[in-house]
């Protein structure tokens, strides 16, 4: 069966969203638990083109509500001085979610994966427990993976603090891309709608593309977006592995709409040496992030034990954190009602 990918005009968002849901047979949700996962990398404004445009989130949430869905919206941003709800408010996601945004970094579940370096990952329970997952990735370039679209957006099911740690565990680009593939397989989206309304290329040039790219298969979506970016699919390290391992076949993808390359769109340069230096840079950044440790401020702690109860590796005991056990998931940071958990840089 062909994997269909629709390219829709984004001028009338609500109309385009309605067409997409009908194209994929979603006519009602009957109070099903639907998780909407945008891309909320960090605190950013929509015009920076690195997070999902709140207008798209709003249009999707409104349409789902009209079909009687039980909605949760959320993502796991990279570690910051504030929690997920504060990041969501700054990004405009709280209001766009119509009160459905949830802090999903608080409770995680251990899941085994098949990877040569990583045996277990921690995944947000809210996403695993959802009956349907709708992914809203941002169309954007990425220093390490060239593009960050559907498969890369699934990295957000991992709590924010663990992302640098997983980067560090994967010393090569292939290791990291295979990890992304394994994580994507843990909870495949039922529907993907790519925000390609406004895009910034590798040189910082803004393109008002004004398109939505929709499909039910992450590989098909990433393949079509790679073509639109004007790239050879073999230059995309994730697609290169997918083609090599025959995970997907381009001839089985049906494109409905105009997938012509964006004229003048610049992507990160692609040379073998690039992969080496990009991987090294990613690991250095990941190591630095991993040196940020959670510490309890006992002057603020009210001994409620919320941090102790939420810790997936039982590193919190007697109101102290065992840094040898701590995996830097920052669930304790997210759950503390007194803001008594602080992140501090530990120099080794």
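The sole residue among 241, 147, 197 that is within 30 Å of residue 291 (Cβ to Cβ) and either touching a helix residue (DSSP H, G or I) at 6+ places or on another chain (Cβ under 8 Å) or free of Cβ contacts under 8 Å to residues at least 24 places away in the same chain (or both) is 147. Taking the criterion of being part of a loop (DSSP other than H, G, I, E, B) and over 20 Å from residue 65 (Cβ atoms), the residues of segment 92-128 that qualify are 103, 105, 106, 107, 113, 114, 115, 116, 117, 118, 119.
Against the definition (surrounded by 12 or more Cβ atoms within 10 Å (Cβ to Cβ), in contact with a strand residue (DSSP E or B) (Cβ under 6 Å, 6 or more places away or on another chain) and modelled with pLDDT of 90 or more), how does residue 256 come out, yes or no? Judged against the criteria, residue 256 is a match. Residue 156 meets the conditions (1) modelled with pLDDT under 95; (2) assigned to a helix (DSSP H, G or I); (3) touching a helix residue (DSSP H, G or I) at 6+ places or on another chain (Cβ under 7 Å) in every case but one. The failed one is (3). Within segment 66-84, the set of residues being surrounded by fewer than 17 Cβ atoms within 10 Å (Cβ to Cβ), within 19 Å of the chain's Cα centre (by Cα) and either at pLDDT 85 or above or more than 17 Å from residue 38 (Cβ to Cβ) (or both) comprises 82 only.
When the test is whether a residue is touching a helix residue (DSSP H, G or I) at 6+ places or on another chain (Cβ under 7 Å) and at pLDDT below 95, residue 17 does not pass it. When each of 147, 132, 128 is tested for being surrounded by 24 or more Cβ atoms within 10 Å (Cβ to Cβ) and farther than 13 Å from residue 38 by Cβ, the lone residue that passes is 147. Taken over segment 157-179, the residue count meeting the criterion of being under 25 Å from residue 132 (Cβ atoms) and either surrounded by fewer than 23 Cβ atoms within 10 Å (Cβ to Cβ) or outside the structural domain of residue 123 (by TED's automatic domain parsing) (or both) is 2. Among the residues that make up segment 35-54, is at least one of them surrounded by fewer than 17 Cβ atoms within 10 Å (Cβ to Cβ), more than 21 Å from the chain's Cα centre (by Cα) and not in a helix (DSSP H, G or I)? Within segment 35-54 (the criterion being surrounded by fewer than 17 Cβ atoms within 10 Å (Cβ to Cβ), more than 21 Å from the chain's Cα centre (by Cα) and not in a helix (DSSP H, G or I)), the answer is no, since none of the residues qualifies.
Looking at this structure, is residue 246 touching a strand residue (DSSP E or B) at 6+ places or on another chain (Cβ under 8 Å), assigned by TED's automatic domain parsing to the domain that holds residue 147 and surrounded by fewer than 17 Cβ atoms within 10 Å (Cβ to Cβ)?
no
Checked against (1) in contact with a strand residue (DSSP E or B) (Cβ under 6 Å, 6 or more places away or on another chain); (2) surrounded by 15 or more Cβ atoms within 10 Å (Cβ to Cβ), residue 13 passes all but a single condition, namely (1).
The values are calculated or read from the model by the stated rules, or taken from the named source; none is laboratory data. Everything numeric in this text was worked out from a predicted model, so none of it was measured. With ideal geometry, Cβ positions are generated from the backbone for all residues, glycine too; neighbour counts draw on all protein chains shown.
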